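A quick write-up on the structure given underneath.
The values are calculated or read from the model by the stated rules, or taken from the named source; none is laboratory data. Just so it is clear, the structure is predicted and the values come from calculations on it, not from any experiment. Quick reminder, even Gly has a Cβ in these numbers, built from the backbone with ideal geometry, and neighbours come from all protein chains shown. Accessible surface areas use protein heavy atoms only, side chains included; no ligands, DNA or RNA. Shrake-Rupley method; radii C 1.70, N 1.55, O 1.52, S 1.80 Å.
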Amino acid sequence: MLPEQILPVNQTLLWSVITKGSIYCLVVFKDIYPAAPHHYLVVPIQHLTSFHSLQRRHVDLVERMAEMGKAVLHDQGITDMSDIRLGFHQPPYTSVDHLHLHVLAPARQISQYSAFKFIPESYRFVTVSAEYHLVIHSILYPC
């Protein structure tokens, strides 16, 4: 269950989730180079280098990361979940060698300068859908 007040303005949130016997510690903070009015990064404390490090056992982690991202948006007043973008950059398009989920809203306001970095389901940006199907499929059935 998520706390009611998720992300006080100008603060970082540490969130621990115990699920199915696993403990996930996640941190969320604003991106220092925002591509949209609301641009957050959800980062697991556990070190995973990138999206390519994910395995079947990480499906629940990805789901929790997406839930946290949506909860932060909701806490910040974003209610239209059809106008958000959630996803991971893939190497070599990552700037940091630690897994992080980009959470952007409203998606229609992603800056023209940055738009190419966040094209859904592209070779640069693996999109997490509302049902998590794209990421989960990629984890379960890698190429």
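Shown in residue order for the range 79-94 are the 3J(HN,Hα) couplings computed by the Karplus curve 6.51 cos²θ - 1.76 cosθ + 1.60 at θ = phi - 60°: 10, 8, 6, 7, 10, 10, 9, 10, x, 10, 7, 10, x, x, 9, 9 Hz (x for Gly and Pro).
Close amide H contacts of Gln46 (hydrogens built in the peptide plane, cut-off under 5 Å, sequence separation of 5 or more or a different chain): Cys25.
Ordered by solvent-accessible area of protein heavy atoms (1.4 Å probe), largest first, the residues Tyr123, Tyr24, Tyr113, Tyr93 come out as Tyr113, Tyr123, Tyr93, Tyr24.
Could you compute how much accessible surface Arg124 exposes when probed at 1.4 Å, giving the result in Å² to the nearest 10? Per-residue accessible area (Arg124): approximately 50 Å².
Taking all protein chains as they are arranged and a probe of 1.4 Å, the heavy atoms of His74 leave approximately 120 Å² accessible to solvent. Expressed as a whole percent, the accessible surface of the range 46-99 that belongs to carbon and sulfur atoms is 46, based on a 1.4 Å probe. Residue order by solvent-accessible surface for Ser82, Ser114 is Ser82, Ser114, largest first, with ligands and nucleic acids left out and a 1.4 Å probe.
Please state the relative contact order of the range 78-118 as a whole percent: Cα pairs under 8 Å, 6+ residues apart? Worked out over the range 78-118, it gives 45 percent.
For the range 17-117, the residue among Pro37, Gln109, Met68 whose Cα projects farthest onto the positive side of the dipole built from Cβ charges is Met68.
Charge tally around Asp83: other residues with Cβ under 14 Å, Lys/Arg +1 each, Asp/Glu -1 each, net +2.
Asp97 sits with roughly 110 Å² accessible to a 1.4 Å probe, with DNA, RNA and ligands left out of the calculation.
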